[in-house]
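Each value in this text was obtained by applying a stated rule to the coordinates, not by laboratory testing. Computed from a predicted model, the values in this text were never measured in an experiment. Cβ sites come from the backbone with ideal geometry, for glycine too, and all protein chains shown count toward neighbours.
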Amino acid sequence: MLNEEYGFAMDDMARDFNIAYEDMDTGKNKKLKADLVVFNKEKEHIQDNIIRLCIIHDEKVKDSHNKKGVEASVKTVLWDIENCEFALWSNGLEYHYIQKVGKYSDNKSVYSNSSQTTMFRDCHALNYRYN
């Protein structure tokens with residue numbers, strides 16, 4: 001779908017990509033495995049070049065889970081990836097489409113988050129506008 005619908009080249013995507021980030025609460029360096037990432041067109045496959053991020057869990061994981069939920073995973077790492085504006089978190093039952101829309105002065109990002117299809121439609125339209 002990302003290839004056909006949004007025109008991202010297959011060579012610009014990677015599965016099971018490890019993302020390094022600093023835990024905002026503890027200050028410790030951690031890693032998170034993203035199930036799928038999309039990189040800037042024809043750029044090196046490094047964290048700084050990620051423009052889209054997907055984290056997928058099985059249906060047993062709730063979106064509020066303290067380690068694997070939306071807040072604990074996607075929102076925690078998204079602000080560490082400067083070029084990544086959009087992310088998806090899903091457990092197959094719930095879908096959260098997150099858009100980074102700005103930054104606070106302390107480097108924490110401002111997010112628009114929705115589990116509704118309206119946000120998907122908005123992100124879908126923005127993908128077409130920026131690609």
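Mean separation of Cα pairs under 8 Å and 6 or more residues apart, divided by the residue count, gives the range 1-56 a relative contact order of 31 percent.
Between E94 and D48, the contour length at 0.36 nm per residue exceeds the Cα-Cα span by 13.8 nm.
Take the cross-link list K28/K62; K41/K68; K28/K60; K30/K60; K30/K62; K30/K75 and give me the ones stretching past 19 Å between alpha-carbons. In this structure, K28/K62; K41/K68; K28/K60; K30/K60; K30/K62 exceed 19 Å between Cα atoms.
Placing unit charges on the Cβ atoms only, positive for Lys and Arg and negative for Asp and Glu, gives the range 1-61 a dipole magnitude near 220 debye about its Cα centre. Shown here for the range 16-109: chymotrypsin sites (Phe, Trp or Tyr not before Pro) in loop regions (DSSP other than H, G, I, E, B) with at most 11 other Cβ atoms within 10 Å, namely Y104.
In terms of other Cβ atoms within 10 Å, H96, H57 run from fewest to most in the order H57, H96.
Shape of the range 1-111 from the C-alpha gyration tensor: oblate (a/c of 1.5 or more and a/b not above b/c, with a ≥ b ≥ c the square roots of its eigenvalues).
For S64, S73, S90, the sequence from fewest to most other C-beta atoms within 10 Å is S64, S90, S73.
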